[in-house]
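Derivation of every value follows stated rules applied to the coordinates shown; laboratory data play no part. No experiment lies behind these values; they were computed from the predicted model shown. Glycine gets a Cβ as well: all are built from the backbone with ideal geometry, and neighbour counts include every protein chain shown.
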Amino acid sequence: MSKSTRSRRRARSVAALAGSVTALSLLLTACGGGKSDSAKSATAADTAGITAAKTAAETYRTAPTSIGVTKPVGKPIPTGKTIVNIGAGPGGLGTIIMQNEMAKAVGLLGWKLKFIQPQAPTPQLFQQALDQAIALHPDAVLINTVEVAPVANQLAKLKAAHIPVISNTAPDPSGGPIVMQIYGVDALGQLATAIADKILADMGKPGTIGIADIQGYTIINRYVEVFKREIGKRCPSCELVTTAVSAASLGTTAGSDITNFVRAHSGMDALFVGYDGMGTNLFSAARSAGVTLPKTYSLAPAPASIPSLADGQLTASAAFDQGEEGWRTLDALARVFTGQTDSALEQDAKYPRPMVWSKSFGNVPAKPSGNTFPDVVENYRDQYKKLWGK
C-alpha cells in the first residue's frame, strides 16, 4: 500500500469521526441532553458580587426563631367577630393552607371564619366573591393576591361600611382602601433576593440564568423584577433569559412549557421558577421530553415539591410559610379591633428573616401530610398565643 493511499484513508477516517461527533453534538443539543459552554469571563464586579452572594446565602441556611412580632396586643380582644376570607382560586394552594391554619386559630379568639373561593383568579370572579362577602355583613374581609384596582368599587363599599380589609401577598401598599398589606412586594422581594443569592453562590461564576415568570399575577411579576435586580447587582456579566407561562397552564402544560423554554436555551446554567406551583410537573415533563434541566430553583415551595428538594431535583427554594401568615393576619385584626391599627402596621407587616431549603444545606424538612406546610418558625403558634394572652 502506498504512503499516499494510507494518508487518504486516514483522512477519510478522521473526517467520518468528526462528522459522527458533530452529528452526536447536534442531537444532544436538540434533545437538551448537552450543555453548551456558556462560561463568561468574570469582571472584578462579578467576583466581588458573587463572593457577597455566597456570604449572604449562608445566612439563609438556618431558620429564624422569632415571628418578628414582639409587642403583645395588650387589650381585651373582642369575641363574636365574623371574618370572610377570599381565596386566590383553586390553584392558590398557599391561601388554602393559610385558611386551614386560620380555621384552627379563630376558636382561640372566639371568632367565626367564612371562606369564599373563586373558581379562577379573574377580576370578575374576585368582584363576585367580594359582593358575596359584602352581603354577609362581616366584621372584616381578607383578600389574597388580588390587586386593588379591579375590585375598587367593592373595596369602597366595604370602607363606607367601616369594614376593614386586610390584603395578603398582593402588590398594593398599605393604605387607601386596604388597612394593610401583609407580605407584599417588600416581603416577597426578600425571598426573591435570597434565592438569587443562593443561585449565584452555587454557580460561582457568571453564566446564563433562565427565569420562568407567569402571566396575570402582578405580585409574582414584581418580585421576579426584584430577583433580576439582585442578579444584575451581584453579577453584571450574568445573562438573564425569561419566559412567562399562562396562569391557565398551572397543573396542565406549565411543566412542558418550561421544558421547551429550557430546550431553546441549551446553555442555561440555572433555572428560576418564579412561583413553585408552576413547576409541579416540570421534572416529569423534562424526563418525558428527554431534556436535562440545569440546577433548578423556586420560591414558595408547595408541599408536593419537598420530596424534589430532598432528592436534589429541585436544587433550592425560598420557603414561604403561609400557614404562619394566617396567624399573623389574625394578629393584625386583633390589633385593628382593639383600636391599634398603627401597632398592626408596625408589627405585622414586617417579614422575618428569609430561609432557603436545599439538600446542599441539609435542612429540607419532611414532607407534610395533606394541605399543610412545614413550620419555618418552629413554635410560631405559641408565640402568637402569648401575644394574645391565650
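Projecting the alpha carbon convex hull of the range 195-234 along each direction and taking the average yields 2.8 nm². Expressed in nm², what is the orientationally averaged projection area of the convex hull enclosing the Cα positions of the range 119-177? Average of the hull's projected areas for the range 119-177 equals 3.7 nm². Applying D = kT/(6 pi eta Rh) to the range 189-258, where Rh is the Kirkwood radius over alpha-carbon pairs, T corresponds to 10 °C and eta to 1.306 mPa s, the Stokes-Einstein value obtained is 124 µm²/s. Partner lysines whose Cα lies under 19 Å from the Cα of LYS159, excluding those fewer than 8 positions away in the same chain, are identified as LYS81. What the pair-distance distribution of the range 73-119 shows, using all Cα-Cα distances binned every 10 Å from zero, is 26, 46, 23, 5 percent.
Taking the longest Cα principal axis of the chain as reference, the axis of helix 3-31 is set at about 10 degrees. Sequence neighbours fewer than 8 away in the same chain don't count; with that in mind, list the aspartates and glutamates whose C-alpha is under 15 Å from LYS114. The reachable aspartates and glutamates, counting only those whose Cα sits under 15 Å from LYS114, are GLU101, ASP131, ASP139.
Using a Cα-Cα cut-off of under 13 Å, which aspartates and glutamates could be cross-linked to LYS40, ignoring same-chain neighbours fewer than 8 residues away? Within reach: GLU239, ASP269. In the set (1) 21.6, 68; (2) 22.4, 74; (3) 24.9, 105, the label that goes with Rg and Dmax of the Cα atoms in Å computed for this structure is (3). When ASP269, ASP342 are sorted by how many other C-beta atoms sit within 10 angstrom of their C-beta, beginning with the fewest, the order is ASP342, ASP269. Legend: residue pairs LYS233/LYS350; LYS157/LYS386; LYS350/LYS390; LYS198/LYS386; LYS198/LYS367, Cα-Cα distance threshold 30 Å; pairs beyond threshold, LYS157/LYS386; LYS198/LYS386.
Calculate I(q)/I(0) for the range 265-313 by the Debye formula, one identical point scatterer on each C-alpha and no solvent, and give its log10 at q = 0.27, 0.29 Å⁻¹ to two decimals. Each listed q corresponds, in turn, to -1.18, -1.30. How far is helix 218-234 tilted off the main Cα axis of the chain, in degrees rounded to 10, range 0 to 90? Tilt relative to the chain: about 50 degrees.
Positive-end ranking of THR315, TYR380, GLY326 along the dipole of the range 300-390, with charges on Cβ about the Cα centre, is headed by TYR380. What's the angle, to the nearest 10 degrees (0 to 90), between helix 93-109's Cα axis and the longest principal axis of the chain? Once rounded, the angle reads 30 degrees.
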